[in-house]
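> First the structure, then my questions, so here it is.
Nothing in this text is a laboratory measurement; each read-out follows from the coordinates by a stated rule. Note that the structure is a prediction, hence the values are computed from the model and not measured. FYI the Cβ positions are ideal-geometry reconstructions off the backbone, even for glycines, and counts take in every protein chain you see.
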Amino acid sequence: MAVRLRIALRRPGSSRVVETSALVNSGFEVDVPQLVLPVALARELGFNVEEAPIGAITVCGGAELPMRVLGVVEVRVVVPDRPTGWVRAVAVSVGREEEVLLSDKLTDALNVSPVLVGAGIWRFADEPPDVRRRSVEPEFWRES
């Protein structure tokens, strides 16, 4: 198990909101809030993946993979018992990734604190230490 959250995504200025699960990936270390969007989800949000600028992302062992820098999205955590605010993040697309991945800085900006990562337990950083939230099931975005 891992920590997965239910999130809502939208492009700034758009009323179109897509909800999905997202994997908290503390090894996805960047300087600004960032997330990886699967190509199918990026297209659902209206990004033109093929025309997005190409960059590189460093993965395990220092290997670099090409990535497409899609642009800015707004993200919020969806939970039934409290409202959460929108946070801006840079959306990228990497290879054939089929799951939304949250970077370390975006996880912090969303006020999410993993508690027991292997058990999929988390809480908001401003909640009492005894609060335990369970991960949601993964959702995969595959191109048809």
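> What is the fewest-to-most order of TRP141, TRP86 by other Cβ atoms lying within 10 Å of their Cβ?
Ascending number of Cβ neighbours within 10 Å: TRP86, TRP141.
> With semi-axes √(5λ) of the Cα gyration tensor in Å as the read-out, I listed (i) 21, 19, 17; (ii) 24, 18, 14; (iii) 38, 21, 11; which label goes with the value calculated from this structure?
This structure yields the entry labelled (ii).
> Using θ = phi - 60° and the Karplus form 6.51 cos²θ - 1.76 cosθ + 1.60, what ³J(HN,Hα) does each residue of segment 35-47 get, whole Hz, x for Gly and Pro?
9, 8, 10, x, 4, 4, 6, 4, 5, 4, 7, x, 7
> Going by how many other beta carbons lie within 10 Å of each one, how would you line up MET67, MET1, fewest first?
MET1, MET67
> Let me ask another. Relative contact order (percent) for segment 4-134, with alpha-carbon contacts under 8 angstrom and 6 or more residues of separation?
Reported as a whole number, the value is 30 percent.
> I want the antiparallel fraction of DSSP beta bridges within the chain, as a percent rounded to 5.
Once the DSSP bridges in the chain are tallied, antiparallel ones form about 85 percent.
> Is it possible to state the helix-based mean residue ellipticity at 222 nm for the chain, with each DSSP H run of 4+ residues giving -39500 (n - 2.57), the sum divided by total residues, to the nearest 500 deg cm²/dmol? What is it?
Theoretical 222 nm ellipticity from helices: -2000 deg cm²/dmol.
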